[in-house]
1. So which GluC sites (Glu not before Pro) in segment 66-108 pass both tests, a DSSP loop state and at most 12 other Cβ atoms within 10 Å of the Cβ?
2. Sorted from fewest to most neighbouring beta carbons within 10 Å, what does the list Asp38, Asp14, Asp66, Asp85 look like?
3. Going by the alpha-carbon gyration tensor, a ≥ b ≥ c the square roots of its eigenvalues, is the chain rounded (a/c under 1.5) or, if a/c is not under 1.5, prolate (a/b greater than b/c) versus oblate?
4. In whole angstrom, note down how far apart the Cα centers of segment 66-104 and segment 48-63 are.
5. Nearest 5 is fine: what % of DSSP beta bridges in the chain come out antiparallel, could you say?
6. Please give every one of the aspartates and glutamates within straight-line cross-link reach of Lys61, meaning a C-alpha to C-alpha distance under 19 Å, and leave out same-chain neighbours fewer than 8 residues apart.
Amino acid sequence: MPLILENFLIRKKDDPLPAGSSGYVVRVPSVFLFMLSDGAEIRGELKQGTEEQELTLILEKGTCEDVLHISARHWNDTFAEGRADFRLTEASQNGKMIPLYEKREVVTSPAQACKISSKR
C-alpha cells in the first residue's frame, strides 16, 4: 500500500547531495519512513498541476525529518519548486523491493503534520 503525501513542498537544496540527486527535495516527518535506512530508493508517482510522472527518490535519514531527494534521471523541466502530491509505493533496500505499507494506504499532508490517517 502506498504512502500518499498531499500538498508537500519541493525545494532546491544546495548542501552536499547524494549521488544521483537532482538537487530537488521533499521533507517528510521521519515517522513515515522509520523502517527504511539511509540511501534507500523509493519508487512512486509525482503529480504537480496537470503533470504526472513516475519517479525515484533517494532517502536521507534525519532525526525528526527525512529528506527525499528526487533522482536526476526523473527530474525534468515540466516540474518546478512548489507544492506537489506524491504516491510512494515501494522501496529498494539491500537489493530487495519492499512495499512501504502492507495493510493500508497512509495519507498525510503538511497540515496534518505527523498524523497518520487512512484513505478517505
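Every number here is computed from the coordinates shown, using simple stated rules; none is lab data. In this text, all values refer to a predicted model and were calculated from it rather than measured experimentally. All Cβ positions, glycine included, derive from the backbone under ideal geometry; neighbour counts span all protein chains shown.
1. Qualifying residues, ordered by number: Glu81, Glu102.
2. Asp14, Asp38, Asp85, Asp66
3. Rounded is the answer for the chain, as its axis ratio a/c remains below 1.5.
4. 4 Å
5. Just about 95 percent of them are antiparallel.
6. The reachable aspartates and glutamates, counting only those whose Cα sits under 19 Å from Lys61, are Asp14, Asp15, Asp38, Glu41, Glu90.
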